[in-house]
Amino acid sequence: MYSTDIYYESVEIQRRFIKQLYDIDKKKISELIALLSGFILENTVCTKVIYGIAEGRSALSLYDFLQQSSKYENIFPLTLDDPIRRYIDPERNNLVIAATGSGETKSVLRYLEESFKLNVPVLLITSGVNSTAYKMVSDYDNGYVFVIDPMKAVDRKHLIALGSEFELKLAVLLNSLIPALYEHSDGKVTSKYYNQVNHFIKNATLLSEIERDHLSEWIDKLLNRRGNFIVDGVGRSGFVAKAFGMRLTHLGHNVFMRDGPTTPAFLRGDAYIPISGSGNTREIIEGAMSAKSHGADIFPIMVNKDSKLGALMDSWGMSKNIMYVPLPEEDLRLYGEKEMSKIFATKTVQTRPSISEINAYIFTNGVISLSMNILGVSEQYLKRIHV
């Protein structure tokens, strides 16, 4: 059995990261809300395009926010990963939201230059004060920079390896803005941001209640193998799964996203890690059944204890392989949908806040911190593999 202390230390540090978002000056938050709500809510008849520009896990945090913009029929989100259409049309109403923790991500800098040429409004979110991106957007007539300050005096670097601090803060910041953006009529827009941040802080605290012996047994079974790691998730849970997969790759594992173009078939000894809030998403159920039929081990990360996936795991005698991410009772009610797929979901599901996803993100970050300690992997090793 492994000592799990580092997991709990990581959760606490991440909770403190979120607390920093609560301490941001109200004037700064008010300005950011005004910028975004002005673009989204003014003239709701014409189609408007929001372009997300970021790389790696920062991109996944940004895409989570863009997915929720589907609440408004006239908002059309685009990303660099969009295989159909990702070009800026200067004849439309456009807004670029760029995110880079360091402010030095080369691809982001190039896309910013192209945005400037097209005179598109740019919102940059960064922790890199005086970075190249910061200076570029600050000097741009149609640019606005929002700085997420990094936490000072954090000694245990492996607890926040390779930018996890900025990526988590970005996801929570944007999710906390949504109530203020989408419920803008009662004049209490700024307080809605702080209420939502506080909600995420309380939810993160629950992750420390995961039982130590179960966590130790779960991570022992997960890591003790030579097979492939195949992560899976649909929608915003898919963003968390991809982020987790990136970090598992940095640890030296062979990692694939299920149904990816280069993903091999399941083999005995593989680990299938589906992340799902409801545990009822059709593609996740199909993935679990395929993994089981090929002899792979299944390690679901989910919140709903009354789900089809949970029932399957019970019937297979694998219930101990489930990791339930804790949420308060009022949030669990958001994840009771019995029928879901990539193209079938209620509007409520499509536009609800990323409650389970944020806690799953914090949990998987904690698992990576613990895994680094167990495997003896340093942050320098991760940087060698990190793109």
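Miscellaneous remarks
- Scanning the stretch 175-219 for residues that are among the aliphatic types (A, V, I, L, M) and either at pLDDT below 95 or under 30 Å from Y2 (Cα atoms) (or both) returns L177, I178, A180, L181, V189, I201, A204, L206, L207, I210, L215, I219.
- Pairs with Cβ under 7 Å, 6+ apart, first in the stretch 351-362 and farther than 12 Å from S276 by Cα and modelled with pLDDT under 95, second basic (K, R) and not in a loop (DSSP other than H, G, I, E, B): T351/K71
- When residues of the stretch 220-240 are limited to those that are at pLDDT 95 or above and among the aliphatic types (A, V, I, L, M), the one surrounded by the most Cβ atoms within 10 Å (Cβ to Cβ): I230
- Failed criterion for D89 (all others in (1) in contact (Cβ under 8 Å) with a residue 40 or more places away in the chain; (2) surrounded by 15 or more Cβ atoms within 10 Å (Cβ to Cβ); (3) in a loop (DSSP other than H, G, I, E, B) hold): (2)
Matching residues to (1) out of contact with any Leu (no Cβ under 8 Å at 6 or more places or on another chain); (2) free of Cβ contacts under 8 Å to residues at least 12 places away in the same chain; (3) at negative phi:
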{"site": "Y72", "(1), (2), (3)": "yes, no, yes"}
{"site": "P83", "(1), (2), (3)": "yes, yes, yes"}
{"site": "I97", "(1), (2), (3)": "no, no, yes"}
{"site": "T126", "(1), (2), (3)": "yes, no, yes"}
{"site": "G143", "(1), (2), (3)": "no, no, yes"}
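- Failed criterion for P77 (all others in (1) of a type outside the set (A, V, I, L, M); (2) surrounded by 19 or more Cβ atoms within 10 Å (Cβ to Cβ); (3) modelled with pLDDT under 90; (4) part of a loop (DSSP other than H, G, I, E, B) hold): (4)
- Considering G238, G260, G233, the condition of being assigned by TED's automatic domain parsing to the domain that holds G295, touching a Pro at 6+ places or on another chain (Cβ under 7 Å) and farther than 27 Å from D5 by Cα is satisfied by G233 alone.
- Filtered residues of the stretch 115-142 (kept if within 15 Å of E55 (Cβ to Cβ) and of a type outside the set (S, T, Y)): L124, I125, G128, A133
- Flag if V197 is surrounded by 17 or more Cβ atoms within 10 Å (Cβ to Cβ) and part of a loop (DSSP other than H, G, I, E, B): no
- Selection of the stretch 1-56 for residues being under 30 Å from L223 (Cβ atoms) and free of Cβ contacts under 8 Å to residues at least 40 places away in the same chain yields only D5.
- Any hit, the stretch 40-55, residues being of a type in the set (A, V, I, L, M, F, W, C), assigned to a helix (DSSP H, G or I) and farther than 24 Å from T364 by Cα: yes
- Residue within the stretch 282-297 that is under 23 Å from S61 (Cα atoms) and not assigned by TED's automatic domain parsing to the domain that holds L60 present: yes
- Considered as a group, the residues in the stretch 99-113 that are farther than 21 Å from L66 by Cα and surrounded by 12 or more Cβ atoms within 10 Å (Cβ to Cβ) include one that is nearest to the chain's Cα centre (by Cα), and that residue is S102.
The values are calculated or read from the model by the stated rules, or taken from the named source; none is laboratory data. Every value quoted in this text rests on a predicted model; they were computed, and no experiment measured them. Backbone-built Cβ (ideal geometry, glycine too); neighbour counts: all protein chains shown.
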